[in-house]
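The values are calculated or read from the model by the stated rules, or taken from the named source; none is laboratory data. Computed from a prediction, not measured in an experiment: that's the story for all the values here. With ideal geometry, Cβ positions are generated from the backbone for all residues, glycine too; neighbour counts draw on all protein chains shown.
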Amino acid sequence: MACGSGLTRGMVSFTHRAIEALRPSETPYRVSDQRCVGLAVRVAPSGIKTWDLAYRIRGTGKVRRVSLGRVADVSLEKARERANGLTSAGRAGRDLIAEEADSRAAAASRLTVEKLIALYVRRRVPGRLRTADDIERRLNRALAPILDRHADDLRRRDIRELLDAVADQGIEREAEKRRQTVGAMFRWALSQDIVETDPTAGLKAYDPGTPRDRVLSAEEIEALWKWLENGDLPPDPTDILKLQLATGARCGEISGLYAEEIDREQWTCTLPAARSKNKRPRVTPLVGIARQIIESRLSAVQSGPLFTAETRTPFTAAHIGHYLLTRRDKLPIDKFTTHDLRRTVATLLTEMGIALDLVAAVVGYEAGGRETRTLVRHYVRTDLVERKKTVLAAWSHQLREIIEGTMARGTVTRLEDAMGRRWVA
């Protein structure tokens, strides 16, 4: 019988020796196996022998013909086993080849946890969440042991065990942050039909957190500054923390500074809208201590990021938080966060008699009621640079007194005294 696989020369009870005895001819031919219906060996003119299977699928009228691989690669026993599986399914009306193809397609469409994180950050985070890099790092740290598992296979127990391991180290707040971040991702994945269930649903909160009110005293600022001077931290995070105390800016704003954002004639720093929390650019005068630190940095960095991690990538607030976390036993003062430094500056500026709206302008925060914020957002087009320069110069003078230990204990110099004239808000 002639067919697409060549002329069929009859049937043989296959053995290894019988298959080896098959010799090539000028045209391809098939020899069928007497012991396994539909199974044959196809011999090509080149001498290559392959397993060939033909079978019907009940109820469809279709004849399937498939290759089961080369004889050299697939043993006689394996070929018969595979052939029997396909033909048995065919007699039951099932197309096993099509079912397997569907299963492979379904498996290929399933995302691992690692791929889900990448997809979430790419689709959901940009343009919506400001701290995309921090979120991606937190997700990868939180789910590191299960990154290669399929996201839709995860159960609540899997996530709970990971979070419990963090809480057991005594850092329940970090466990809670991870629970919230991982939960946000899986709720999004559920809304996108990527997973059928949210494995974080029903997980208990570890530490819901309380509004922080930590403000460093003058003595703590002095002790911290001296500790930073001692070299317990590398130069980059040291300067970032010093700049935060000198300006009250957000840690991420400082750590992400580029040389191109510094005006070396006016000595100002312009935070671009893309890195600003309120999506508006902000100009900060560089005076006193802050200018000294920036000038020192610019002497070594002419372009690009002013602060870089060991990987040569720009520093982030997460990097600084990690440095502080890993050195919490070496800190000269009680535990604090970078945001506590920002709160400290804002508090001491207020104690110096500076109007709240101006304090807000200095630290980059929107103050006032809804009407005031609307006015500033849509109509007011001034960055109060000169006023901020006056305030930051007075603060730099105050900070220098603190770190040098020359400020009278428990006193704060009023702005009008620090500048030698009365400030009119």
Here the residues within the range 327-350 that are in a loop (DSSP other than H, G, I, E, B) and β-branched (Val, Ile, Thr) are Ile333, Thr337
Do you know which residues across the range 371-406 are at pLDDT 55 or above, surrounded by fewer than 20 Cβ atoms within 10 Å (Cβ to Cβ), within 37 Å of the chain's Cα centre (by Cα) and basic (Lys, Arg)?
Lys389
Being at pLDDT below 90 and touching a Leu at 6+ places or on another chain (Cβ under 9 Å) is the requirement here; does Val125 meet it?
no
Inter-residue pairs, beta-carbon under 8 Å, first loosely packed, with under 11 Cβ neighbours inside 10 Å and in the range 291-306, second not in a loop (DSSP other than H, G, I, E, B), 6+ apart
Gln302/Ala259; Ser303/Tyr258; Ser303/Ala259; Ser303/Glu260
So the check is Cβ under 6 Å with 6+ separation or different chains; which pairs have a first residue in the range 49-75 that's touching a residue at least 40 places away in the same chain (Cβ under 8 Å) and buried (at least 20 other Cβ atoms within 10 Å of the Cβ) and a second one that's among the polar types (S, T, N, Q) and assigned to a loop (DSSP other than H, G, I, E, B)?
Asp52/Ser5
Quick one: is Thr308 more than 24 Å from Leu358 (Cα to Cα), at pLDDT below 90 and out of contact with any Gly (no Cβ under 9 Å at 6 or more places or on another chain)?
yes
Would you tally the residues in the range 74-92 being under 16 Å from His16 (Cα atoms) and either of a type in the set (S, T, N, Q) or touching a strand residue (DSSP E or B) at 6+ places or on another chain (Cβ under 9 Å) (or both)?
6
State whether one or more residues within the range 240-247 are closer than 21 Å to Val121 by Cβ, basic (Lys, Arg) and at pLDDT 90 or above.
no
Please go through the range 190-228 and pick out each residue that is modelled with pLDDT under 90 and among the small types (Gly, Ala, Ser).
Ser191, Ala205, Gly209
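Are any of the residues in the range 33-53 aromatic (Phe, Trp, Tyr), within 51 Å of the chain's Cα centre (by Cα) and in the same structural domain as Leu86 (by TED's automatic domain parsing)? Before you say what the answer is, go through the steps one by one.
Quick first cut of the range 33-53, residues aromatic (Phe, Trp, Tyr) only: 51.
Still in the list and also within 51 Å of the chain's Cα centre (by Cα): 51.
Subsequent filtering for residues that are in the same structural domain as Leu86 (by TED's automatic domain parsing) retains 51.
So far as the range 33-53 goes, yes, one or more of its residues are aromatic (Phe, Trp, Tyr), within 51 Å of the chain's Cα centre (by Cα) and in the same structural domain as Leu86 (by TED's automatic domain parsing).
So that you can scan it fast, the table gives a plain yes or no per residue for (1) under 21 Å from Ala393 (Cα atoms); (2) in contact with a Lys or Arg (Cβ under 8 Å, 6 or more places away or on another chain); (3) buried (at least 22 other Cβ atoms within 10 Å of the Cβ):
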| residue | (1), (2), (3) |
| --- | --- |
| Glu220 | no, no, no |
| Lys226 | no, no, no |
| Asp232 | no, yes, no |
| Gly248 | yes, yes, yes |
| Ser255 | no, no, yes |
| Asp263 | yes, no, no |
| Trp267 | yes, yes, no |
| Leu271 | yes, yes, no |
Matching option when the condition is of a type in the set (A, V, I, L, M, F, W, C), touching a Cys at 6+ places or on another chain (Cβ under 9 Å) and either surrounded by fewer than 20 Cβ atoms within 10 Å (Cβ to Cβ) or in a helix (DSSP H, G or I) (or both), among Ile240, Ile194, Ile159
Ile240
Just need a number here: residues in the range 243-275 that are in a helix (DSSP H, G or I), touching a residue at least 12 places away in the same chain (Cβ under 8 Å) and within 17 Å of Pro305 (Cβ to Cβ).
10
